Amino acid sequence: MVELKSGIPLYFKILDILYLTQGQGHFCLNQVARSSSAAVTRLVLERELSQIKDAGTYKSERIITSKQGASIKVKGQTKGILNFCANNYLGLASHPEVIEAGKKALDTHGAGLSSVRFICDAAILYASCFDANAGLFEVLLNEEDAVLSDELNHASIIDGIRLCKAKRYRYKHLDVNDLETQLKDAVSKSCPKKLIATDGVFSMDGNVAKLPEICDLADKYEALVFIDECHATGFFGSTGRGTEEYFGLNGRIDIINSTLGKALGGAAGGYTAGPQELVDLLRQRSRPYLFSNTLPPPVVACASKAIDLIMQNTDLPKKGDKEHPICPVMLGDARLATTFADEMLGKARIRVQISASHSEHDIDRAVDAFVEIGRKLKILFDNH
Ligand SMILES: Cc1ncc(COP(=O)(O)O)c(C=O)c1O
């Protein structure tokens, strides 16, 4: 007899038994069990997919067939479409000098190092910021420590925190009063290290963390501050040094993680910048660093060139001005948002991120498209 796995809905168990009793003569029992459980798994997954489709939140992936930029080509569309959903904040992803730097690195260093690691000076480099976030908390914090995390932090911070054994506190989004209450609790439990973890700029809404207040609380309760700067590095703050610079807090943030995969050329890569001892320890203990391949040289060269361009031309970050380029368009209904996004294809898409490469004309066209589809879907009326 093959034992049926628990936790599988009854009708799948029946299907399983049918598989076994249909007499597939050329299979041994194990093979039958294996193919049967594969079929069951397929059905379970199919059911989950149909639930997403029924909820109207299924995301179809579009295949980009051109370079990244304000206007792109997408498979299945003959006309170019305006692109407002890239993290290409400074428009450097297709900058000729960035591309040239990548090509040169390919010639001088080859396609990859086929080995685990090479060292980047003042910080530690990972294959992505997701990895940097996954590899930090476990190394820094143990079970006696506490981590206090904004409830809307990026998934990679949440996952990184899950991997460590510290006591977890989740404070309400941007709510420094709630953060203080939780810090007091961590102090009352005598947690030796207390780490406040927040996105510098939150990816969905472009909200900026209240860093001055957070730093004051950190001083008061002897906590450390960690920020994820993926949506700030290179373009936010007067010279593009991010949220810390935006608030004039230079030096008060203890640990910064960020990505090379957005404003800095947009290829891939992430890093942790922080105290030398922490970086040294991460090199010894951080699992995504130790057990994953290094970044390929052309990727590093493109990011280095993007940094050079930003350092040489401080007007580049200023193009972003004071407002953050993420502009959420809130429709209040996930199904409606998906329909709206589908309708927008051919004009622009729904999660709006403005890049330095967009012209005012591009932005006017996107706004016109929003108005047109808004009227069509009866969300927007002429008197609005
Ligand atoms: C806030 C934040 N942190 C981390 C990441 C992950 O960055 P990467 O693409 O380098 O893994 C993202 C990517 O979307 C992000 O938005």
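The values are calculated or read from the model by the stated rules, or taken from the named source; none is laboratory data. These numbers come from a predicted model, not from an experiment. As a convention, Cβ positions derive from the backbone with ideal geometry for all residues, glycine included, and neighbour counts pool all protein chains shown.
Among all positions in segment 236-243, there is no residue which is assigned to a strand (DSSP E or B), within 15 Å of the ligand (Cβ to nearest atom) and within 18 Å of Ala132 (Cβ to Cβ). Please work out which one of (1) under 25 Å from Val176 (Cα atoms); (2) within 16 Å of the ligand (Cβ to nearest atom); (3) crowded, with 20+ Cβ neighbours inside 10 Å is the condition Gly266 fails and give its number. Result: Gly266 fails condition (1) only.
Checked against (1) at pLDDT below 85; (2) under 23 Å from Gly240 (Cα atoms); (3) surrounded by fewer than 18 Cβ atoms within 10 Å (Cβ to Cβ), Pro317 meets all criteria but (3). Condition check for Asp159 on (1) within 16 Å of the ligand (Cβ to nearest atom); (2) closer than 27 Å to Ile354 by Cβ; (3) surrounded by fewer than 22 Cβ atoms within 10 Å (Cβ to Cβ): one failure, at (2).
From the list Asp205, Asp219, Asp228, exactly one residue is within 16 Å of the ligand (Cβ to nearest atom) and surrounded by fewer than 17 Cβ atoms within 10 Å (Cβ to Cβ). Which is it? So the residue among Asp205, Asp219, Asp228 that is within 16 Å of the ligand (Cβ to nearest atom) and surrounded by fewer than 17 Cβ atoms within 10 Å (Cβ to Cβ) is Asp205.
A Cβ distance below 9 Å, combined with a sequence gap of six or more or placement on separate chains, defines the contacts here; from segment 243-263, residues that are among the aromatic types (Phe, Trp, Tyr) reach residues that are in a loop (DSSP other than H, G, I, E, B) and within 14 Å of the ligand (Cβ to nearest atom) in the pairs Tyr246/Gly200; Tyr246/Ala232; Tyr246/Phe236.
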